[in-house]
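Asker: The structure under discussion is supplied below as structure tokens; questions concerning it will follow.
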Number of protein chains: 2
Amino acid sequence: MEFRLIDRIRELTAQPRDDVRLGIGDDAAVLAVPAGQELVVAIDTMVEGTHFLPGTAPADLGWKALAVNLSDLAAMGATPAWALLALTLPRADAPFVDGFAEGFAQLAQPHRLALVGGDTTGGPLCISVAVHGFVPPGQALTRAGAQVGDEVLVTGTLGDALAGLYALREPPQDDAHQAILRQFLIERLTRPDPRVAAGTALRGLATACVDISDGLLADLGHICEASSVGAELEAAQLPRSPALRELHGEDESIQLALSGGDNYELCFTVPPPRLADALAALAEAGCPVTRIGRITEGHGVRVRAADGSELTVTMKGWEHFA
Amino acid sequence: MEFRLIDRIRELTAQPRDDVRLGIGDDAAVLAVPAGQELVVAIDTMVEGTHFLPGTAPADLGWKALAVNLSDLAAMGATPAWALLALTLPRADAPFVDGFAEGFAQLAQPHRLALVGGDTTGGPLCISVAVHGFVPPGQALTRAGAQVGDEVLVTGTLGDALAGLYALREPPQDDAHQAILRQFLIERLTRPDPRVAAGTALRGLATACVDISDGLLADLGHICEASSVGAELEAAQLPRSPALRELHGEDESIQLALSGGDNYELCFTVPPPRLADALAALAEAGCPVTRIGRITEGHGVRVRAADGSELTVTMKGWEHFA
């Protein structure tokens, strides 16, 4: 474990937590999982050129490297607690580290997440974060519990992040209104807000849950496969931001909503008798939510257009090494 | 979390553990820390060109990526349980993944360590592993407890890994005896055997402990700094392998033993009244150990040559971004 870079991050992300018996600075951290809680752990990596464009602001990277991991905890219904950071940098770069730490801390603080360990190395820019959270025994939300007849719901709006990536690649926009719309989409890409409160609110209510990292079709497909069911979605119901609709129109915004990854909303299933409770719990958590379809027999995800015909999906969800 | 590569690794590293409530294949793993145990976590990264030479055998990388992390657990006196793997590869490369998984599994199995999550991404070759282990509350070995008068000890032999790196860079050796000596040193570099049994045996006996990743002087320096003490070593006592002595001679082998990193032996301190118990515990664990000096007042590490004069250290321990 190296000290200079990690110390800088520690200064900005210090979170006093009683359950951290020994934090950064030894060969490993010593932690106490609260009695009667299970531990939920995930790891995610971001690589320059694969997950973000060269020149991305370090603060955005710090935020997002943590956000994509908190989103995994959210999808399990877990409460975040601790993180480990492995940061590989081409050279010791104090402004980069300061910016990265600032973005990481901005997201860590509201979640009371403590950075408890790290490793900084020299090499091509690559960021791995491992996160740890808690869930009451047996209450983790998995992909495997969806039942035929369950409602399918999503939080927030879909497709914004992919549209934000398109916007980043386009030349600057002279029109002020268009520029604002694009900026909204770009921020959905660079500063995703993981649905942690929604995830914990859904404990005991959702039968299955995923976060949308690969795209709605791909990730709902994971629920269908793990639960041995199918799903049918109503294209017109897919929640889309005003910016996405205005810049991309009805048909294209539906395709983006179905296939756009890097989105970090939750997609989950709820049996009809629990629907009212789930909607109330999410309202309490301050999280917008939309019913988009139903779990069916069979397998795979089908999408109905407004006229009742089956919609053809023209984009594919993004997969590594696909 | 992507499936194809991680699944392959899972097949080869399957470890049935009751405490894994939900393993690879969902957004996160769900784990149960045994009642009355603290959790010990560490993360370490290996980058091509920084930590290993291009062309290193994938099986050696799989072994070592886990070994350097298990060594961190060993230094804390923790018993290994679970790992997360973040693997970034230039391209989907089945032979690489098979070899990597094989090496990882070879080391995971005797330690009953389960791979519980992972992420595979495209990009320059980079491997981060996070490990989790258990320790009884308050019994973790840290860097901070060394007391003036404590004995300083190390497991195994020192300096072999750096000499192995030198050997790798030299042209092939015609002399069969020399080639065998070099091969021994190279295997100490590529297949370090983390001192897990020694670490747990030292609980309640050692006052401070580190693993030697940066070199003896640097890592014992960490103990001295964290414990606000100094240390004095006897150069002649430094344990060195026959291969190191024969290939590098007395003086150079001492320098290699003092400064060579990537070594993954443990350096620890024991109060004289507990020395016999510590030696017995390590003998029981099957771990060779050598007394090399004492903790003193002051700060920093001094080394005495055989004639009693202070030894000048000519090599520096390796540090990232140094």
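The values are calculated or read from the model by the stated rules, or taken from the named source; none is laboratory data. Since we're looking at a predicted model, the values are computed, not measured. Cβ: placed from backbone, ideal geometry, glycine included. Neighbour counts: every protein chain shown.
Asker: Please indicate, with yes or no, whether at least one residue in the stretch B:57-74 is in contact with a strand residue (DSSP E or B) (Cβ under 7 Å, 6 or more places away or on another chain) and either at positive phi or free of Cβ contacts under 8 Å to residues at least 40 places away in the same chain (or both).
Answerer: no
Asker: Within the group B:VAL148, B:VAL129, which residue is in contact with a strand residue (DSSP E or B) (Cβ under 6 Å, 6 or more places away or on another chain), within 27 Å of B:GLU232 (Cα to Cα) and in contact (Cβ under 8 Å) with a residue 40 or more places away in the chain? Walk me through how you get there before you give the answer.
Answerer: Working: B:VAL129 fails: within 27 Å of B:GLU232 (Cα to Cα).
When all the criteria are applied, what remains is B:VAL148.
Asker: Follow-up. Which numbered condition in (1) under 20 Å from the mean Cα position of the chain (by Cα); (2) within 11 Å of chain A (Cβ to nearest Cβ); (3) surrounded by 21 or more Cβ atoms within 10 Å (Cβ to Cβ); (4) more than 24 Å from B:GLY286 (Cβ to Cβ) is the only one that B:ALA101 fails?
Answerer: Only one criterion is unmet by B:ALA101, namely (2).
Asker: Next question, about the same structure. From the list B:ARG188, B:ARG240, B:ARG203, which residue is assigned to a loop (DSSP other than H, G, I, E, B), crowded, with 17+ Cβ neighbours inside 10 Å, away from chain A (no Cβ under 14 Å) and not β-branched (Val, Ile, Thr)? Give the derivation first.
Answerer: Values: B:ARG188 fails: assigned to a loop (DSSP other than H, G, I, E, B); B:ARG203 fails: away from chain A (no Cβ under 14 Å).
Among B:ARG188, B:ARG240, B:ARG203, only B:ARG240 is assigned to a loop (DSSP other than H, G, I, E, B), crowded, with 17+ Cβ neighbours inside 10 Å, away from chain A (no Cβ under 14 Å) and not β-branched (Val, Ile, Thr).
Asker: What are the residues in the stretch B:24-45 that are of a type in the set (Gly, Ala, Ser) and within 7 Å of chain A (Cβ to nearest Cβ), if any? It would help to see each step written out before you state the result.
Answerer: Kept after step one, since they are of a type in the set (Gly, Ala, Ser), are these residues of the stretch B:24-45: B:25, B:28-29, B:32, B:35-36, B:42.
Listed by number, the residues that qualify are B:ALA28, B:ALA29, B:ALA32, B:ALA42.
Asker: Just one of A:SER309, A:SER259, A:SER228 is of a type in the set (Ser, Thr, Tyr) and under 17 Å from A:VAL154 (Cα atoms); which is it? Full working, then the answer.
Answerer: Details: A:SER309 fails: under 17 Å from A:VAL154 (Cα atoms); A:SER228 fails: under 17 Å from A:VAL154 (Cα atoms).
After ruling out the rest, the residue left standing is A:SER259.
Asker: Kindly indicate which of B:LEU5, B:LEU39 is buried (at least 24 other Cβ atoms within 10 Å of the Cβ) and modelled with pLDDT under 90.
Answerer: Numbers: B:LEU39 fails: modelled with pLDDT under 90.
From the options B:LEU5, B:LEU39, the qualifying one is B:LEU5.
Asker: Looking at A:ARG91, A:ARG143 in this structure, which one is touching a His at 6+ places or on another chain (Cβ under 7 Å) and among the basic types (Lys, Arg)?
Answerer: Working: A:ARG91 fails: touching a His at 6+ places or on another chain (Cβ under 7 Å).
Just a single option satisfies the conditions, and that option is A:ARG143.
Asker: Within the stretch A:224-234, can one find any residue that is touching a Leu at 6+ places or on another chain (Cβ under 6 Å), in the same structural domain as A:LEU279 (by TED's automatic domain parsing), over 30 Å from A:ALA57 (Cα atoms) and buried (at least 23 other Cβ atoms within 10 Å of the Cβ)? Quick ask: steps written out before the conclusion?
Answerer: Looking only at the stretch A:224-234, we keep the residues that are touching a Leu at 6+ places or on another chain (Cβ under 6 Å), and these are A:231.
Cutting the leftovers down to in the same structural domain as A:LEU279 (by TED's automatic domain parsing) gives us A:231.
Now drop any that are not over 30 Å from A:ALA57 (Cα atoms), which leaves A:231.
Now drop any that are not buried (at least 23 other Cβ atoms within 10 Å of the Cβ), which leaves A:231.
Yes, the stretch A:224-234 contains a residue that is touching a Leu at 6+ places or on another chain (Cβ under 6 Å), in the same structural domain as A:LEU279 (by TED's automatic domain parsing), over 30 Å from A:ALA57 (Cα atoms) and buried (at least 23 other Cβ atoms within 10 Å of the Cβ).
Asker: Please count how many residues of the stretch B:220-237 are touching a residue at least 60 places away in the same chain (Cβ under 8 Å), touching a strand residue (DSSP E or B) at 6+ places or on another chain (Cβ under 6 Å) and within 18 Å of B:VAL313 (Cβ to Cβ).
Answerer: 11
Asker: When only residues in the stretch B:46-74 that are facing another protein chain (nearest Cβ under 9 Å) and farther than 15 Å from B:HIS111 by Cα count, which is surrounded by the most Cβ atoms within 10 Å (Cβ to Cβ)?
Answerer: So, considering only residues that are facing another protein chain (nearest Cβ under 9 Å) and farther than 15 Å from B:HIS111 by Cα, the one surrounded by the most Cβ atoms within 10 Å (Cβ to Cβ) is B:MET46.
Asker: Which residues, taken from the stretch B:104-133, are facing chain A (nearest Cβ under 9 Å) and not hydrophobic (A, V, I, L, M, F, W, C)?
Answerer: B:GLY117, B:GLY118, B:ASP119, B:THR120, B:THR121, B:GLY122, B:GLY123, B:PRO124, B:SER128, B:HIS132, B:GLY133
Asker: So in the stretch A:256-284, with the set limited to residues that are within 17 Å of the chain's Cα centre (by Cα) and part of a loop (DSSP other than H, G, I, E, B), which one is surrounded by the fewest Cβ atoms within 10 Å (Cβ to Cβ)?
Answerer: So, considering only residues that are within 17 Å of the chain's Cα centre (by Cα) and part of a loop (DSSP other than H, G, I, E, B), the one surrounded by the fewest Cβ atoms within 10 Å (Cβ to Cβ) is A:GLY261.
Asker: Within the stretch A:80-90, identify whether any single residue is within 13 Å of the chain's Cα centre (by Cα) and under 29 Å from B:VAL30 (Cβ atoms), and answer yes or no.
Answerer: Of the residues in the stretch A:80-90, the ones within 13 Å of the chain's Cα centre (by Cα) are none.
No; the residues of the stretch A:80-90 include none that is within 13 Å of the chain's Cα centre (by Cα) and under 29 Å from B:VAL30 (Cβ atoms).
Asker: Of a type in the set (Val, Ile, Thr) and either over 18 Å from B:GLY118 (Cα atoms) or modelled with pLDDT under 95 (or both), is that true of A:VAL116?
Answerer: Numbers: of a type in the set (Val, Ile, Thr): yes; either over 18 Å from B:GLY118 (Cα atoms) or modelled with pLDDT under 95 (or both): yes.
The answer is yes for A:VAL116.
Asker: For the stretch B:205-217, enumerate the residues that are touching a residue at least 60 places away in the same chain (Cβ under 8 Å) and touching a strand residue (DSSP E or B) at 6+ places or on another chain (Cβ under 9 Å). Steps first, please.
Answerer: So the first thing to find is which residues in the stretch B:205-217 are touching a residue at least 60 places away in the same chain (Cβ under 8 Å), and the list is B:205-211, B:213-217.
Scanning the stretch B:205-217 gives B:LEU205, B:ALA206, B:THR207, B:ALA208, B:CYS209, B:VAL210, B:ASP211, B:SER213, B:LEU216, B:LEU217.
Asker: Of the residues A:GLU265, A:GLU225, A:GLU284, which is more than 30 Å from B:ALA86 (Cβ to Cβ) and not β-branched (Val, Ile, Thr)?
Answerer: Working: A:GLU265 fails: more than 30 Å from B:ALA86 (Cβ to Cβ); A:GLU225 fails: more than 30 Å from B:ALA86 (Cβ to Cβ).
The match here is A:GLU284.
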